[in-house]
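Comments concern the structure below.
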Amino acid sequence: MYVPVLTSAMIGLVEAPGYFVMGCHRDYLKLVQSVDGLVIVDLDKGTLISSSDEWVPDLPLKAASSFSTRVSHVCYLQCF
């Protein structure tokens with residue numbers, strides 16, 4: 001799975017129609033939260049944030065664990 005990390009010049013892409021997984025630096029969190037209809041996953045805090053009033057269910061434990069393992073593996077590979 002490839003997750004693009006958006007630069008400040010590309011941050012407007014979070015408003016693209018459809019379902020996408022994109023990353024951005026924490027410095028842009030306030031800007032991203034102002035876009036209606038997004039579900040934001042804060043990997044540093046392990047939280048889900050909805051930019052609208054819609055309810056977001058908790059991730060199933062098995063899926064969350066699998067995702068965390070994969071992200072940790074990718075982070076490990078990128079650091080060395």
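Among L48, L31, which is the only one that is hydrophobic (A, V, I, L, M, F, W, C), open to solvent by 60 Å² or more (accessible area, probe 1.4 Å), free of Cβ contacts under 8 Å to residues at least 40 places away in the same chain and within 22 Å of S72 (Cβ to Cβ)?
That would be L48, the only listed residue that is hydrophobic (A, V, I, L, M, F, W, C), open to solvent by 60 Å² or more (accessible area, probe 1.4 Å), free of Cβ contacts under 8 Å to residues at least 40 places away in the same chain and within 22 Å of S72 (Cβ to Cβ).
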Q: Starting from residues that are part of a loop (DSSP other than H, G, I, E, B) and not aliphatic (A, V, I, L, M), keep the ones in the range 13-28 and report whichever is most open to solvent (accessible area, probe 1.4 Å).
A: Y19
Q) Restricting attention to the range 1-11, which residues are open to solvent by less than 100 Å² (accessible area, probe 1.4 Å) and modelled with pLDDT under 85? A) V3, P4, L6, T7, S8, M10, I11
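The values are calculated or read from the model by the stated rules, or taken from the named source; none is laboratory data. Predicted, not measured: the structure shown is a model, and the values here were computed from it. Please note: Cβ atoms are built from the backbone with ideal geometry, for glycine as well, and neighbour counts cover all protein chains shown. Only protein heavy atoms, including side chains, enter the accessible area calculation; ligands, DNA and RNA are left aside. Shrake-Rupley method; radii C 1.70, N 1.55, O 1.52, S 1.80 Å.
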